[in-house]
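The values are calculated or read from the model by the stated rules, or taken from the named source; none is laboratory data. Computed from a predicted structure; not experimentally measured. FYI the Cβ positions are ideal-geometry reconstructions off the backbone, even for glycines, and counts take in every protein chain you see. These area figures cover heavy atoms from the full protein model, side chains too; ligands, DNA and RNA do not enter into them. Shrake-Rupley method; radii C 1.70, N 1.55, O 1.52, S 1.80 Å.
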Amino acid sequence: MKVTIDQLRKLAGGSSSGKPSPNKYHAKKVGGHASIKEYRRANQLKLMERAGEISNLREQVPFEVIPAQRDKAGKLIERSCRYIADFVYNDKQGNLVVEDTKGVRTKEYKIKRKLMLHVHGIRIKET
């Protein structure tokens, strides 16, 4: 049986036209950001930083919430689990703010949010 490239793409979850399949939550990537909402928030935060309202703005900052697991010989059993914050910055008082721009709060996100609070003592600001 001969299988075409289009059939392989369909099996892999892509489209037959060669275009990437749409995001399952219908978010559209804009300006290197995962969604229009995230892109707009990034622009707001950049303006706030220029105005001196916040400082040290960073994007896509990883936090380890569960370390890698290894056996006695040092062989990797499970990789580490990370939460990647959309934005991290300091407010006017110098407090660290970890922010996530959410459209859909998935089960995975909710667990990682709880782990961030438990492991790092950081409460995620949701916008």
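Couple of notes before you dig in:
- Residue tally, condition over 16 Å from the mean Cα position of the chain (by Cα), assigned to a helix (DSSP H, G or I) and closer than 22 Å to Asn56 by Cβ, over the range 106-127: 3
- Qualifying residue in the range 65-78 (condition: open to solvent by less than 40 Å² (accessible area, probe 1.4 Å), in contact (Cβ under 8 Å) with a residue 40 or more places away in the chain, over 21 Å from His120 (Cα atoms) and out of contact with any Leu (no Cβ under 7 Å at 6 or more places or on another chain)): no
- Take the conditions (1) of a type outside the set (Lys, Arg); (2) over 14 Å from Thr127 (Cβ atoms); (3) not in a strand (DSSP E or B); Gly103 misses just one of them, which is (2).
- Applying the condition of being basic (Lys, Arg) and either at pLDDT 95 or above or more than 14 Å from the chain's Cα centre (by Cα) (or both) to the range 28-64 and asking which residue is surrounded by the most Cβ atoms within 10 Å (Cβ to Cβ) yields Arg41.
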